[in-house]
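The values are calculated or read from the model by the stated rules, or taken from the named source; none is laboratory data. Owing to the predicted nature of the structure, the values given are computational and were not obtained by experimental measurement. Here the Cβ positions follow ideal geometry from the backbone for every residue, glycine too, while neighbour counts run over all protein chains shown. With ligands, DNA and RNA removed, areas are computed over all heavy atoms of the protein, side chains included. Shrake-Rupley method; radii C 1.70, N 1.55, O 1.52, S 1.80 Å.
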Amino acid sequence: MKKFLSIALLLMMTSSASAMTLREAAAIAVANNPDLQRTERALEIARQDVKIAQGQKGVSISISGSANADKTEGVDASESVSSRISGSIPLYSGRRLESAIESARIGVDIAQLTFDQSVDDLIYQVTTAYVNALENRATVAVDIKTRDNLIEHEKNIEALYNAGAKAKIDWLRATVETANAEHDVVRSQAAYEVSLTQLATLLSLDAISNIDVEDFFIDITLDDIGYYLNVAEQNRLDLKADVLKIEQGEVQVTSAKSGWLPEVSASAGTGFSARSNKWDPTSDASAGLSASWNIFDSKVTRARVDEAQIEVERLKLAMQSDIEGVREDVVTAHKNLRSALVRLSTAQKSVDLAEEERYIATERYRAGEGILLDVLDAEVALSTAKKNYVSAKYDVIRYRFQLAHAVGNTLNR
């Protein structure tokens, strides 16, 4: 079975080097998108949570001090000072502290996967907007070509009409068709500008004046659906995150069970004190172990354990639902791409036939053997065939990226 080839090796760029490539657009979006930056902050918070959890298991040191002055009537005034430094360290917590550290570390991995998924989702949005802009630009080119062809027909018919070789109705009909074609050009140009605006928004750019997309096509060999389903289940970042969430939930079960176990800690301290009548400091030191064991808590621990176990079951059900959603995404994208490939092959043949039909109709009309309606119908048929080809071509690209996104990595970064 063929490997899932990197799209980077399949992109065949055809336009000027000054245009913005798809990968450049994706890089700009990743660097500038504010939503992605917020997701990255969540990853940083998760890393700090690990440090907090690790600190709970380390040595804790505290320092305290006091100074007092007393004055009682008939008694000499006195002052006193004291200070103390003490430290403690947990020795055993029934795995509560260890579970907190493990859970926090898993949380970092989940946050990283969530961030990576957000990056891929953003890139997919950029690719969709980019391809939409390419399709709209190609549609503009078709409409302009159709309008130019009709203008040429109009000029030829006007010359024949002025020479008395054609009726006025032919010239009027040609003029109307040219006006309609101009309307199509204006509309398609507006759609192209809208698509560029949508792309600029994803790139966090203020204007579209400097955006020029670079055309490309993808040489595609479509594999069997089973291959893509297998790749998706192994590669989808959200499914990997689901696995870690279940693992984190099981750690929380262990943490909840620690409520049934004792906790032991060690402590040590030293200090000194002095009073004004002598100002001879006295010092002291202490060390010891302490233990606590909550042997009855009105079933609070049991409830916490049950809650954690139920949460694990909920996470497993959520993962199963996500797997079904992934399979649906892959199947839908695969069918869309397969259909688009068939349409592309048919559309190319239709363009070739429409070109021939237009040539024959035009020559017959010039020779006085055909009617204007045949020429105009052929021109419309050619325009429709070209637009169908444009639609199929960019649907192939669009659905190829949809399939890549469905299996877990839009640009195979």
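With unit charges on the beta carbons (Lys and Arg positive, Asp and Glu negative) and the dipole taken about the Cα centre of region 91-245, which residue among L199, L134, L97 sits farthest to the positive side?
Going by the Cα projections, it comes out as L97.
So, with +1 on the Cβ of K and R and -1 on the Cβ of D and E, and no other charges, what is the size of the charge dipole of region 275-356 about its Cα centre, to the nearest 20 debye? Don't jump to the answer; show the numbers that get you there.
Working: 12 positive and 14 negative charges, 65 e Å.
Computed charge dipole of region 275-356: roughly 320 debye.
If you wrap the chain's Cα atoms in a convex hull and average its projection over all directions, what's the area in nm²? It would help to have the intermediate numbers written out before the result.
Numbers: hull surface 147.6 nm².
Dividing the Cα hull surface by four gives the mean projection, 36.9 nm².
Within the chain, which is the longest segment that contains none of the GluC sites (Glu not before Pro) sitting in a DSSP loop with at most 10 other Cβ atoms within 10 Å? If you can, show how the numbers build up before the last one.
Details: sites that count: E73, E369.
Longest stretch, sites excluded: 74-368.
Which of the listed residues, P262, N336, Q189, is farthest toward the dipole's positive end in the chain, when Lys, Arg count +1 and Asp, Glu count -1 at the beta-carbon?
P262
Over region 123-183, calculate the relative contact order: mean separation of alpha carbon pairs under 8 Å at least 6 apart, over the residue count, as a percent. Intermediate values should be presented prior to the final figure.
Values: 27 pairs, mean separation 22.5, N = 61.
Relative contact order here is 37 percent.
Mean separation of Cα pairs under 8 Å and 6+ residues apart, divided by the residue count of region 29-152: what relative contact order is that in percent? Intermediate values should be presented prior to the final figure.
Working: 87 pairs, mean separation 39.6, N = 124.
It rounds to 32 percent for region 29-152.
Is the C-alpha gyration tensor of region 84-180 telling us rounded, prolate or oblate? Criteria: a/c under 1.5 is rounded; beyond that, a/b larger than b/c is prolate, otherwise oblate.
Values: a/c = 10.27, a/b = 8.16, b/c = 1.26.
Prolate shape, in that a/c is at least 1.5 and a/b is the bigger ratio.
Considering only protein heavy atoms, what per residue accessible area in square angstrom results for region 75-217 with a 1.4 angstrom probe?
Working: 6960 Å² over 143 residues.
I get 49 Å² per residue for this part.
Convert 25 °C to kelvin, take the viscosity as 0.890 mPa s, use the Kirkwood radius over C-alpha pairs of region 289-413 as Rh, and evaluate the Stokes-Einstein diffusion coefficient in µm²/s, rounded to a whole number.
Working: Rh = 20.2 Å.
This corresponds to a translational diffusion coefficient of 121 µm²/s.
With every protein chain left in place, what is the accessible area of T384 in Å² (1.4 Å probe, nearest 10)?
It works out to around 70 Å².
Quantify, in whole percent, the carbon and sulfur part of the accessible surface of region 201-301 (1.4 Å probe; protein heavy atoms only). The partial results should precede the final answer.
Details: 3200 of 6030 Å².
For region 201-301, the apolar C and S fraction of the accessible surface comes to 53 percent.
Using the Cα centre of the chain as the reference point, and only Cβ charges (+1 on K/R, -1 on D/E), how large is the resulting charge dipole? Debye, rounded to the nearest 20. Let's see the in-between values first.
Details: 46 positive and 60 negative charges, 165 e Å.
Dipole about the Cα centre, nearest 20: 800 debye.
Could you grab the relative contact order for the chain? Cα pairs under 8 Å, six or more apart, rounded to a whole percent.
Details: 552 pairs, mean separation 102.1, N = 413.
This gives 25 percent for the chain.
Rounded to the nearest 5, what % of the DSSP beta bridges within the chain are antiparallel ones? Before the final figure, lay out each step's value.
Values: 37 of 38 bridges.
The antiparallel fraction comes to roughly 95 percent.
Which longest uninterrupted range of the chain lacks any chymotrypsin sites (Phe, Trp or Tyr not before Pro) assigned by DSSP to a loop state (not H, G, I, E or B) and surrounded by at most 15 other Cβ atoms within 10 Å?
On the way: sites that count: W279, W293, F296.
Longest stretch, sites excluded: 1-278.
Using a 1.4 Å probe, how large is the accessible area of K393, given in Å² and rounded to the nearest 10?
Here the residue's solvent-accessible area equals roughly 40 Å².
Please report, in debye to the nearest 20, how large the charge dipole of region 158-208 is about its Cα centre when each Lys and Arg carries +1 at its beta carbon and each Asp and Glu carries -1 there.
Numbers: 4 positive and 7 negative charges, 51 e Å.
That gives a dipole near 240 debye.
Keeping the other protein chains in place, figure out the carbon and sulfur percent of the accessible area of region 22-97, with a 1.4 Å probe.
Numbers: 2640 of 5030 Å².
Using a 1.4 Å probe with all protein chains present, region 22-97 comes out at 53 percent carbon and sulfur.
Just to confirm, what accessible area per residue do you get for region 368-407 at 1.4 Å probe, in whole Å²? Don't jump to the answer; show the numbers that get you there.
Details: 1340 Å² over 40 residues.
Value for region 368-407: 33 Å² per residue.
Using only Cα atoms, find the angle between the long axis of helix 237-257 and the longest principal axis of the chain, and express it within 0 to 90 degrees, rounded to the nearest 10.
Orientation of helix 237-257: about 20 degrees from the principal axis.
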